[in-house]
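In what follows, a single structure is set out as structure tokens and then discussed.
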Amino acid sequence: MKVNDKQSPIPVTIVSGFLGAGKTTLLNHILTSEHGIKIGVLVNDFGSINVDANLISEVDDGVVNLANGCVCCSIRMDLVKSILSLATMEDRPDHIIIESSGVADPKGIVESFNAPEIWEHILIDGVVTVVDADQGLDVEGKEKELAEAQVKGADLLLLNKVDLASEEKVEETENWIKSLRPGVQIFPAVNCNVPFEVLVGSVAKSSSPKGELTGVDVSVNYVNNKKQHLHKHDLMFDTWTYRSDKPFKLDYIHQLLTNLPGELFRAKGVMYCQEKGDSPLILQLVGKRATIKPMSSKKESKQMTELVFIGRHQAINFNALESALLQCLA
């Protein structure tokens with residue numbers, strides 16, 4: 001189908017942020033808010049299964065899942081094709097959101113839309129970067145360089161999880177952000193709860209009052225940089241997936257989560273435990289903080305535990321981790 005030339009370009013918001021900062025929580029918040037805007041969604045997850053897409057709620061046929069790579073590198077062309085596919089739908093969305101991988105540099109994603117043939121269909125509305133107020137400053141080495149790049153490429157900063165951090169830590173993180181991206185708008189938040197108008201720069205169609213946030217300008221920090229995009233995430237991160245149709249013992253899993261190596265940045269997915277029967281559980285691990293919650297909606301499928309682990313390159317013994325997980329089986 002050909003795009004109607006009389007239609008105005010669809011605004012696109014890029015959601016960036018390091019592993020576990022809260023990007024999926026932010027996307028859930030946007031999709032479940034009463035704004036009256038039809039949202040098209042593209043989700044990218046750095047792992048062998050697209051866990052984040054499985055965890056996102058209230059999404060229909062507008063979702064395009066992009067897995068096994070990073071939207072600013074290996075699947076860049078797939079990203080552009082998927083965006084154009086959404087733009088050519090008969091009942092096309094009012095706004096498109098790209099939830100990038102936690103190891104993606106937003107500058108590379110913006111550069112993906114530099115082709116002139118895309119300009120009449122797509123308008124980059126802004127880059128929203130989510131930063132973990134509690135653990136955002138704890139990354140080191142190459143990971144720190146990537147986190148800094150995500151901050152530098154942002155048009156708006158969402159300082160998430162301020163309820164988990166001390167006032168001193170929140171202030172320290174804010175100063176770090178301001179040193180990297182002077183003048184950027186920073187919005188402290190709990191569970192990424194920030195008004196829709198602020199996040200996507202669109203005018204909501206609901207009748208709710210906008211308050212003093214109406215005039216917030218989320219513009220694009222565009223830099224014309226022709227330098228080749230060379231970073232390779234497989235040199236920085238390792239990802240490993242555990243799958244099993246056998247349930248865990250919940251107590252054993254709790255013990256394992258308190259003894260994982262510090263080089264393991266992220267674990268997430270769906271799992272089953274003997275104590276909960278056929279009710280699926282959501283595991284989210286960020287640094288040393290782990291949560292296990294019941295899944296809000298149960299899909300009609302075979303009971304299968306699928307967990308993705310992301311850690312520093314060559315720093316995690318995944319064979320030992322698999323052995324430890326097997327010892328947690330009921």
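Bear in mind these aren't lab numbers, they're just calculated from the coordinates by the rules spelled out. Nothing here was measured: the structure is a model prediction, and the numbers come from that model. Here the Cβ is made from the backbone with ideal geometry for all residues, glycine too, and neighbour counts use every protein chain on show.
Per-residue 3J(HN,Hα) values for segment 266-282, derived from phi via the Karplus relation 6.51 cos²θ - 1.76 cosθ + 1.60 with θ = phi - 60°, read 8, 9, 7, x, 10, 9, 10, 10, 4, 5, 9, x, 8, 8, x, 10, 9 Hz in sequence order (x marks Gly and Pro). Simple rule: put +1 on each Lys or Arg Cβ and -1 on each Asp or Glu Cβ in segment 10-200, find the dipole, and look at GLN135, PRO11, ASN160; the Cα lying farthest toward the positive end is PRO11. About its Cα centre, segment 87-149 has a charge dipole of approximately 140 debye under the convention of +1 per Lys or Arg Cβ and -1 per Asp or Glu Cβ, with nothing else charged. Gap in Å between the Cα centre of segment 95-141 and the Cα centre of segment 263-330? Rounded to whole Å, the Cα centres lie 27 Å apart. Along its first, second and third principal axes, ordered by size, segment 250-310 spans 35, 21, 16 Å in Cα coordinates.
Sequence-ordered 3J(HN,Hα) estimates for segment 189-195 from the Karplus curve with 6.51, -1.76 and 1.60 and θ = phi - 60° stand at 7, 10, 6, 6, 7, 10, x Hz, glycine and proline given as x. With one equal scatterer per alpha carbon and no solvent term, the Debye-computed log10 I(q)/I(0) for segment 10-200 at 0.09, 0.10 1/Å reads -0.30, -0.37. Considering only Cα-Cα distances, which of the following residue pairs are longer than 27 Å: LYS142/LYS249; LYS107/LYS144; LYS38/LYS276; LYS81/LYS293? Going by Cα-Cα distance, LYS142/LYS249; LYS38/LYS276; LYS81/LYS293 fall outside the 27 Å limit.
Taking a straight line from the alpha carbon of LYS246, these aspartates and glutamates sit under 20 Å away, with near neighbours fewer than eight places off in the same chain left out: GLU275, ASP278, GLU300, GLU306, GLU322.
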